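Reviewing the structure listed below.
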Amino acid sequence: MEKQLKLIIESLLFAADKPLRVRDIQVCLPETGLPEIEEALETLRHEYDTMDRSFALKKVAEGYQIRTKPDYAPHVLRM
């Protein structure tokens, strides 16, 4: 999988104010097929999980969103 595609999708997820559906992502990347986008999302999810980050990629409301892990919610709520 192309690293650039993964990074573009990651940027879109960070900038979005709501969960992004695969088709929403494809609108921004019309030259990219749905299977490639789904593969990149799965790769990102796996990378975040194995890196033990404070956030995770979650499937929400038929879309995908980067979310803070529950352990860190009290700190975010204080903000």
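Points to keep in mind about this one:
- Relative to the longest principal axis of the Cα atoms of the chain, helix 34-50 runs at roughly 30 degrees.
- Residues whose amide H falls under 5 Å from that of Y64, counting only those 5 or more places apart or on a different chain, are L20, R21, with hydrogens built in the peptide plane.
- Counting only Cβ charges, +1 for Lys and Arg and -1 for Asp and Glu, the dipole size of region 13-54 around its Cα centre is about 220 debye.
- Computed from Cα atoms, the angle from the helix 3-15 axis to the main principal axis of the chain rounds to 50 degrees.
- In this simple spin-label approximation, K69 and L7 carry label points 7 Å from Cα along the Cα→Cβ vector, and these lie 2.5 nm apart.
- Here the dipole of the chain is about 400 debye; that uses its Cα centre as origin and unit charges on the Cβ of Lys and Arg (positive) and Asp and Glu (negative).
- Mean projected area (nm²) of the alpha-carbon convex hull when region 17-79 is viewed from all directions: 4.9 nm²
- Note, ³J(HN,Hα) from phi for region 64-79, Karplus 6.51, -1.76, 1.60, rounded to Hz, x at Gly and Pro: 10, 8, 7, 10, 5, 5, x, 4, 9, 4, x, 5, 5, 4, 5, 5
- Calculated mean residue ellipticity, 222 nm, the chain: -16500 deg cm²/dmol, from DSSP H runs (n ≥ 4) at -39500 (n - 2.57) each, averaged per residue and rounded to 500.
Since every read-out is calculated from the coordinates, none of them should be taken as a lab result. Bear in mind the structure is a predicted one, so any value in this text is a computation, not a measurement. No Cβ is skipped: glycine too gets one built from the backbone with ideal geometry, and neighbour counts run over all protein chains shown.
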